[in-house]
1. Which ³J(HN,Hα) values in Hz, rounded to whole numbers, follow from the phi angles of the range 10-27 under the Karplus curve 6.51 cos²θ - 1.76 cosθ + 1.60, where θ = phi - 60° and Gly and Pro get x?
2. Across every pair of different alpha-carbon atoms, what Kirkwood hydrodynamic radius in Å does the range 165-281 reach?
3. Quick one: what are the phi-derived ³J(HN,Hα) couplings along the range 148-162, Karplus 6.51/-1.76/1.60 with θ = phi - 60°, whole Hz, x for glycine and proline?
4. List every DSSP H helix in the chain whose Cα atoms extend 20 Å or more along the helix's own long axis and whose mean Kyte-Doolittle hydropathy is at least 0.0.
5. Would you pull out the residues with amide H under 5 Å of Ile245's amide H, same chain only if 5 or more places away, H placed 1.01 Å from N?
6. Calculate for the chain the 222 nm mean residue ellipticity that helices alone would give, adding -39,500 (n - 2.57) per DSSP H run of length 4 or more and normalising by residue count, nearest 500 deg cm²/dmol.
7. Using modelled backbone amide H atoms (1.01 Å from N, in-plane), which distant-in-sequence or interchain residues come within less than 5 Å of Lys19's amide H?
8. Could you tell me how far the Cα centroid of the range 1-41 sits from the Cα centroid of the range 109-136, in Å?
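Read-outs: derived from the displayed coordinates by stated rules, not from any lab. As the structure is a prediction and not an experimental result, all values here were calculated from the model. Every residue, glycine as well, gets a Cβ built from its backbone with ideal geometry; the counts of neighbours run over all protein chains shown.
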Amino acid sequence: MDFIKIKAKAKINLSLDVKAKRPDGYHDVCMVMQSIALHDVVYVEKAGRGLEVTCNNPKIPVGSGNIAYRAAQIMTEKYGIDDGIKITIDKRIPVAAGLAGGSTDAAAVLKGINTLFSLGLAQYELMDIGKSIGADVPFCIKGGTVLAEGIGEILTELVPLPEVSIVLVTPKIDVSTAWVYNNLDLNAIKSRPDTCVIINAIEKRDIDMLAKNMVNVLETVTVSKYRIIEEIKNRLVSLGAAGSIMSGSGPSVFGVFTDAKKAENAYDEMKDDRWDCFLTHAE
């Protein structure tokens with residue numbers, strides 16, 4: 001095998017709580033993460049010499065500044081791979097949008113190299129490598145419905161979420177994750193998610209209960225500067241979403257729908273030049 005094609009799925013946060021700032025500068029979090037059908041396509045192939053990354057989105061760096069490049073670099077050094085590797089990213093997930101678009105590409109590269117070079121690494125071994133690349137990479141390797149703790153690397157598999165419809169909206173603004181966390185005042189957070197209620201709702205397959213209890217504490221920072229996020233949330237709910245929150249540090253917002261037809265109608269109604277809109281579902 002000289003070539004492999006991998007779907008690199010985006011993620012959303014069904015809840016996101018920040019517990020404390022750690023001495024190393026990171027934050028301890030508690031969040032429920034979910035893979036969705038929206039995905040990039042990553043091609044990994046054996047090439048002549050060296051590492052090469054190409055991408056159809058000009059915003060994406062193609063050298064060592066690319067997280068997928070770093071993933072390949074780590075694998076080649078760690079396992080003594082002499083062959084060259086070419087990585088082609090068909091980017092469909094919005095960039096820097098709170099959807100783990102870079103992390104999921106890196107996860108795809110780790111999985112692709114493992115298969116392409118018959119390394120025989122188990123999932124947990126790939127996740128351990130992924131942890132050194134980025135906090136979301138282990139989840140992107142695992143996928144599904146997962147409770148994430150620590151800095152996001154301690155993962156507990158949950159009962160899979162039913163294939164609910166999701167309308168995802170990404171406003172055309174840039175939000176820095178570092179800026180969000182640096183401006184987060186833990187003492188000012190008034191509403192936190194009840195993670196036990198969220199998990200219980202998932203186990204009972206009660207999407208209404210889940211949607212009504214979704215909370216992302218990072219909205220206390222992002223929404224205060226970007227009011228468009230609150231506008232999108234309100235519009236999604238008015239169009240029939242059972243609940244709506246921001247994903248990650250933003251700016252993407254999603255609405256959870258129990259009725260596929262309502263989701264389709266909301267998707268049609270939400271189309272606007274100020275943002276990108278996607279009709280997708282949990283996977």
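1. With the stated coefficients, the range 10-27 comes to 6, 10, 10, 9, 6, 7, 8, 10, 10, 8, 6, 8, 8, x, 7, x, 7, 10 Hz.
2. Values: mean 1/r = 0.0683 Å⁻¹.
Evaluated over the range 165-281, this radius sits at 14.6 Å.
3. Once rounded to whole Hz, the list reads 10, 10, x, 8, x, 9, 8, 10, 10, 5, 10, 4, x, 5, x.
4. Working: long enough: 101-116 (22 Å, 0.46).
Length and hydropathy pass: 101-116.
5. Phe254
6. On the way: 10 runs with 93 residues, N = 283.
Rounded to the nearest 500, the figure is -9500 deg cm²/dmol.
7. Asp28, Val29, Cys30
8. Rounded to whole Å, the Cα centres lie 15 Å apart.
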